[in-house]
Amino acid sequence: MKKKLITLLTALLLVLLGILFPKEEEPSAPISGNGLTVHFIDVGQADCALLECDGEYMIVDGGNVDDSQLVVSYLKQMGVQTLSAVVCSHAHEDHVGGLPAVLSVFDAKAVYSPVTEYSSKVFKDFVQKTADQGLSLTVPKPGDQFRLGSTTVTVLGPVAEYDEPNNTSIILKVSYGENDFLFTGDMETSAEADMLDYWGDAIEWDVEVLKVGHHGSDTSSGYRFLYYTDPEYGVISVGEGNSYNHPNEAPMSKLRDAEVVVLRTDHLGHVIATADGKEVSFTWENQKAAPENLEPGDGSTPFFGNKKSKTFHDAACRNLPAEDNRAEFAGYGEAIAAGYKPCGSCID
């Protein structure tokens with residue numbers, strides 16, 4: 001009995017010591033690999049990004065046909081010999097245009113596209129150059145994953161079939177340690193919403209870097225999408241003085257309200273992001289220019305909630321509630337936190 005009592009007291013003492021002098025947390029395991037570098041190549045009014053991790057390379061889109069020489073030259077300067085993956089986000093020329101030239105010069109291990117056929121000469125050239133390497137186009141599915149060195153690439157979309165090619169864009173989440181990049185092609189707000197609904201809480205949405213959809217068009221970057229992805233940085237690949245007036249003011253306003261630092265290729269030239277698994281840093285070509293939104297925003301776009309329906313609206317909505325039935329919110333996140341749902345007519 002005495003022995004049992006001593007044992008019990010000893011155990012209690014150890015518990016108390018554990019509480020009073022808790023064991024120091026073990027440091028997190030070191031991140032394998034030598035980091036991830038993402039080159040957002042300035043191809044004007046088009047998209048092209050080169051990713052490198054542990055000596056392996058991947059290209060996402062290739063600019064226009066006229067950008068072919070620039071893209072091939074850039075890849076050579078970076079020491080590319082083989083591409084672990086070639087990704088055509090969707091079949092429009094400003095994304096697939098330079099990829100036939102890339103496949104003519106560099107060996108590829110895999111080539112991804114949302115479709116295997118499209119009625120344009122450049123896409124047919126893309127298919128042919130893929131076949132010349134003894135490969136066929138892989139159409140990925142949501143949830144598919146592959147590796148780029150120590151980096152994990154996860155396919156998040158498209159999650160449905162669409163007639164609009166922009167919405168067929170392959171959506172990639174690129175993860176290195178605690179750093180996440182999201183490549184969105186030209187995905188529009190309807191496909192953004194479909195993707196959020198499809199995945200729900202099954203994945204971690206927060207990302208450090210968002211490749212802003214559709215060159216900053218007002219068809220993309222909805223409030224809900226920005227709220228869930230919560231990027232720290234947004235890179236916009238866009239041509240100076242383009243006829244589309246990209247980036248449009250509406251998404252730029254949303255990015256300001258979300259306190260996203262914006263890096264535009266039309267201002268900065270080539271933009272290079274370096275991720276060490278903990279933090280992301282940037283350099284860019286035009287040192288006379290600077291990113292936008294370096295000062296924190298204030299989430300100043302007002303929204304007005306209907307106290308009865310618990311729906312919130314923008315200031316110009318035709319369904320704006322009467323003043324005596326109105327709650328005002330400083331931003332999208334504040335309205336969501338209060339339990340209100342966005343109006344389907346005025347808020348994307």
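Just so you know, all these numbers are worked out from the coordinates, no wet-lab data involved. Everything numeric in this text was worked out from a predicted model, so none of it was measured. When we count neighbours, we look across all protein chains shown, and the Cβ atoms used for this are built from the backbone with ideal geometry, even at glycine.
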Size of electric dipole in segment 303-342: Cβ of Lys, Arg +1 and of Asp, Glu -1, about Cα centre, debye, nearest 20: 220 debye
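What FRET efficiency do you get for A160 and E249 if R0 is 41 Å and r is their Cβ-Cβ distance, rounded to the nearest 0.05? Each step should come with its number before you reach the end.
Values: r = 29 Å, r/R0 = 0.71.
The calculated FRET efficiency here is 0.90.
Can you pull the Rg over Rh of segment 303-342, Cα-only, Kirkwood? Could you put the intermediate results ahead of the total?
Numbers: Rg = 8.7 Å, Rh = 9.6 Å.
Ratio value, two decimals: 0.90.
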Under 13 Å from the V105 label point (7 Å along Cα→beta-carbon), backbone N, segment 75-97: 75-83
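Given +1 on the Cβ of Lys and Arg, -1 on the Cβ of Asp and Glu, and no further charges, what dipole in debye does the chain carry about its Cα centre, rounded to the nearest 20?
Values: 25 positive and 52 negative charges, 278 e Å.
It works out to roughly 1340 debye.
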Calculated SAXS-style log₁₀ I(q)/I(0) at q = 0.20, 0.22 Å⁻¹ - segment 189-312, Debye, Cα scatterers: -1.24, -1.41
Which of D324, D218 has the fewest Cβ neighbours within 10 Å, and the rest in rising order: D324, D218
Environment charge at G149 (Cβ cut-off 10 Å; Lys +1, Arg +1, Asp -1, Glu -1): -2
Extreme residue, positive dipole direction of segment 166-318, given options S243, F304, L294 (C-beta unit charges): F304
Footprinting exposure proxy for Y228, Y112, Y332 (fewest neighbouring C-beta atoms within 10 Å first): Y228, Y112, Y332
Antiparallel %, DSSP beta bridges [both residues in segment 303-342], to 5: 80 percent
Nitroxide proxy distance, nm - points 7 Å out along Cα→Cβ at T152 and K310: 3.4 nm
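For segment 156-226, which GluC sites (Glu not before Pro) are in a loop by DSSP, counting at most 12 other Cβ atoms within 10 Å?
On the way: sites: E161, E178, E188, E192, E204, E208; in loops: E161, E178, E188, E204, E208.
Those satisfying the criteria are E161, E204.
Rounded to whole Å and sorted largest first, what semi-axes of the equivalent ellipsoid does the C-alpha gyration tensor of the chain yield via the square root of 5 times each eigenvalue?
Details: eigenvalues 298, 203, 77 Å².
Output for the chain: semi-axes of 39, 32, 20 Å.
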Shape box of segment 79-167 [Cα atoms, principal axes, largest first, Å]: 36, 34, 21
For segment 302-348 and segment 238-260, distance of Cα centres in Å: 24 Å
Fraction of beta bridges assigned by DSSP in segment 36-284 that are antiparallel (%, nearest 5): 65 percent
Per-residue Cβ neighbour rank within 10 angstrom, fewest leading, I272, I203: I203, I272
Relative contact order of segment 36-284, pairs being alpha-carbon contacts under 8 Å that are 6 or more residues apart, as %: 18 percent
Among the listed pairs K141/K310; K124/K254; K124/K288; K109/K288; K173/K254; K129/K211, those beyond 32 Å (Cα-Cα): K141/K310; K124/K254; K124/K288; K109/K288
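Express as a percent, rounded to the nearest 5, the fraction of DSSP beta bridges in segment 30-131 (both residues included) that run antiparallel.
Numbers: 11 of 18 bridges.
Within segment 30-131, antiparallel bridges account for around 60 percent of the total.
Sum -39500 (n - 2.57) across every DSSP H segment of at least 4 residues in the chain, then divide by the residue count to get the 222 nm mean residue ellipticity, nearest 500.
-7000 deg cm²/dmol
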Rough spin-label spacing in nm, given labels placed 7 Å along Cα→Cβ, for S120 and A290: 3.7 nm
